[in-house]
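First comes the structure, then the notes that go with it.
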Amino acid sequence: MSGNINVGTSYFSRTNGNSESSPMSYFISGNTTLSVYGFSIPISLEYRDQVGSASISHPFNRLSINPRYKWISINAGKFNKTLSRYSISNQLISGGAIDLTPGILRVSVISGNLVNPIIQLDSLLENNNFLPSYKRKVTAAKLGIGKRNNYFDIVLMKAKDDINSLAPNEIDEITISPEENLIIGGNFKISPTRWLRLEGDITASGHTANLQSSNYFEDENTEQLEKILGSNLTVNNSTRLAFAAGGKIDFRIKKFGIGLDYRRIDPFYKSLGSIYFQEDFENILFKLRFAILNGKVKTSSRIGFQRNNLNGLRSNQSNRRIGNVSLSVSPSRNFSISSRYSNYQTDRSDGLIAVNDTLRFSRSTAAFSVSPRFSFGSKDKRSSLSLTVNRQNLIDLLDQEAENNNIKNDLVNINYLLKMKDSGRTIGFSVLGNRNLIKDQERTRAGFNTRFSQKLGKDKFTVNLTLGYYQNFLQGESEGSSILSRVGLNFKLSKNIRLNSALNYLNRSGDNGFQNIRATLRLNYNLPSVNASFNKKSKNQKI
């Protein structure tokens with residue numbers, strides 16, 4: 001048996017009275033794994049009471065258990081699960097699942113409720129409570145043969161919102177429609193030799209965007225969908241049938257590799273088992289990677305073409321060259337430089353960017369970065385100096401007007417770090433510049449950050465200090481400043497017990513100025529590992 005327990009509390013205050021969090025909050029979490037005669041039973045529990053309109057956190061109780069025995073694995077409670085790329089993909093499920101892998105068989109069955117991610121996104125912006133949502137039931141299964149590098153799987157998924165799961169007054173508050181989704185797909189991976197790998201997948205998704213939509217204006221397309229999907233899906237004017245497919249060929253020999261990637265996702269493709277899909281695009285990419293000069297120069301690249309407007313319904317079509325190139329050069333132990341460029345993304349998740357203390361959801365369309373790093377000094381007193389330059393072009397997922405949703409983000413960071421091994425001391429200094437351009441409105445932030453860390457008492461006690469100052473500008477005019485400071489204390493009370501505390505202070509000046517103070521205290525206890533064996537002859541127990 002092994003595991004750990006975490007108990008903590010925090011205090012928060014804001015001078016202007018518009019606090020986005022409760023003044024006091026606490027949490028407790030723990031996990032343990034019990035192994036008995038080949039059975040492995042991980043159990044985790046988490047409770048948090050924090051509430052905040054500007055916090056992604058939300059009050060919740062989460063309990064999950066994942067017992068395993070040889071080729072049998074069970075999930076119960078709240079857990080994340082992935083069946084395939086375009087069906088259930090790392091989605092949070094409340095319910096149960098079982099995975100069976102006897103020999104070359106691969107069987108998975110899932111039943112429970114899915115979390116609607118749209119509810120969480122709207123809640124982050126609108127309020128500190130999740131918005132009312134329909135209970136989203138899901139049933140899914142995977143059947144396949146093979147092992148990790150050679151397999152063929154078939155995946156089925158049915159997800160549907162329960163229209164009767166909300167009270168009449170909650171339905172008046174809701175801003176989204178009840179949905180239903182039916183998915184069937186297949187994927188494979190074959191590695192006939194060590195130097196050749198083949199992958200492929202194809203998935204069909206029937207999605208009804210509004211179960212309450214009328215069929216009064218039923219057209220030929222709706223009639224065809226009813227014939228194809230039959231009684232397996234509620235079909236109306238909001239129903240769409242779309243496909244996602246792709247394949248890979250990779251040829252690798254030691255430090256050299258070439259390959260080909262193909263990916264196509266139809267317009268309106270959607271899976272309720274995944275948070276986000278970029279749809280309406282077709283990619284074909286040629287891949288090349290190699291390392292030369294004993295690995296001192298490494299490069300990896302993907303170059304190809306992309307087009308959209310696959311169904312011809314858009315007013316214009318985009319055909320463009322796309323690429324992803326990374327280069328790393330390390331001529332010596334003390335110097336290295338790496339760079340990367342990409343102008344496309346086929347991610348399955350959106351991202352968060354910070355814009356002057358504000359969060360926005362975005363998708364990256366192009367990014368460039370370069371980072372040289374130089375280190376010097378003795379083994380006991382080692383210094384490093386690095387520079388990071390990063391530029392990103394993003395699409396604002398919160399703005400539906402295409403001409404206004406472009407974001408440009410530039411970042412320059414110079415960082416110096418000194419580690420003194422004998423004294424247990426670390427000193428760091430950074431200079432930072434950041435520029436955001438949104439709807440022709442330019443926001444700039446420039447400043448510095450200092451860090452100090454000291455270990456004491458044979459590394460049982462650590463002090464961390466941080467101080468930062470940033471000046472904010474809007475359209476070149478001063479918009480106030482920000483002062484950030486943090487004091488952290490870490491105690492190693494014993495082999496299994498650690499106590500961490502931190503005090504954070506933020507002072508933002510300007511027209512919308514405020515001051516925040518946040519204090520946290522956390523106690524971590526690692527359960528001592530217990531190994532028990534029983535001797536039948538002597539009947540003695542050894543622990």
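The values are calculated or read from the model by the stated rules, or taken from the named source; none is laboratory data. What you see is a predicted model, and the numbers here were worked out from it, not measured in a lab. All Cβ positions, glycine included, derive from the backbone under ideal geometry; neighbour counts span all protein chains shown.
Things worth noting here:
- The range 6-47, residues that are buried (at least 16 other Cβ atoms within 10 Å of the Cβ), modelled with pLDDT of 75 or more and either among the aromatic types (Phe, Trp, Tyr) or more than 20 Å from ALA76 (Cα to Cα) (or both): ASN6, GLY8, SER10, PHE12, ARG14, SER25, PHE27
- Within the range 266-286, considering residues that are among the hydrophobic types (A, V, I, L, M, F, W, C) and in contact (Cβ under 8 Å) with a residue 40 or more places away in the chain, the one nearest to ILE184 (Cα to Cα): LEU272
- Listed by position, the strands (runs of 3 or more DSSP E) contained in the range 209-317 that have at least 3 residues being small (Gly, Ala, Ser) are 239-253, 297-307.
- Residue list for the range 102-114, filter: in contact with a Phe, Trp or Tyr (Cβ under 9 Å, 6 or more places away or on another chain), surrounded by fewer than 17 Cβ atoms within 10 Å (Cβ to Cβ) and on the phi < 0 side of the Ramachandran plot: PRO102, ILE104, LEU105
- All conditions in (1) in contact (Cβ under 8 Å) with a residue 60 or more places away in the chain; (2) within 15 Å of ALA159 (Cβ to Cβ) hold for ARG263, with the sole exception of (2).
- LEU63 passes every criterion in (1) part of a strand (DSSP E or B); (2) among the aliphatic types (A, V, I, L, M); (3) at pLDDT 90 or above; (4) within 22 Å of the chain's Cα centre (by Cα) apart from (3).
- Selection of the range 62-109 for residues being in contact (Cβ under 8 Å) with a residue 60 or more places away in the chain, polar (S, T, N, Q) and in contact with a strand residue (DSSP E or B) (Cβ under 7 Å, 6 or more places away or on another chain) yields SER84, SER87, ASN90, GLN91.
- Selected residue (only one of VAL370, VAL389 is among the hydrophobic types (A, V, I, L, M, F, W, C), modelled with pLDDT of 95 or more, buried (at least 16 other Cβ atoms within 10 Å of the Cβ) and in a strand (DSSP E or B)): VAL389
- So ASP347, is it under 27 Å from the mean Cα position of the chain (by Cα) and either modelled with pLDDT of 90 or more or crowded, with 16+ Cβ neighbours inside 10 Å (or both): no
- Within the set SER338, SER332, the sole residue that is hydroxyl-bearing (Ser, Thr, Tyr), modelled with pLDDT under 95 and closer than 30 Å to ARG382 by Cα turns out to be SER332.
- Selection status of SER362, modelled with pLDDT of 90 or more, part of a strand (DSSP E or B) and surrounded by 14 or more Cβ atoms within 10 Å (Cβ to Cβ): no
- Test: LYS248 is farther than 19 Å from ARG321 by Cβ, surrounded by 16 or more Cβ atoms within 10 Å (Cβ to Cβ) and touching a His at 6+ places or on another chain (Cβ under 9 Å): no
- The one condition in (1) farther than 30 Å from TYR269 by Cα; (2) assigned to a strand (DSSP E or B); (3) modelled with pLDDT of 90 or more that GLY103 fails to fulfil: (2)
- Matching residues, the range 426-482, being in contact with an Asp or Glu (Cβ under 9 Å, 6 or more places away or on another chain), surrounded by fewer than 16 Cβ atoms within 10 Å (Cβ to Cβ) and basic (Lys, Arg): LYS439
- Residue list for the range 59-101, restricted to those being surrounded by fewer than 19 Cβ atoms within 10 Å (Cβ to Cβ) and within 21 Å of ASP49 (Cα to Cα): PRO59, PHE60, ASN61, ARG62, LEU63, SER64, GLY77, LEU92, SER94
- Breaking point among (1) surrounded by fewer than 17 Cβ atoms within 10 Å (Cβ to Cβ); (2) closer than 24 Å to LYS78 by Cβ; (3) modelled with pLDDT of 70 or more; (4) among the charged types (D, E, K, R), for LYS158: (1)
- Against the criterion of being more than 25 Å from PHE243 (Cα to Cα) and modelled with pLDDT under 85, PRO192 does not qualify.
- Residue match in the range 462-485 (condition: on the phi < 0 side of the Ramachandran plot and in a loop (DSSP other than H, G, I, E, B)): no
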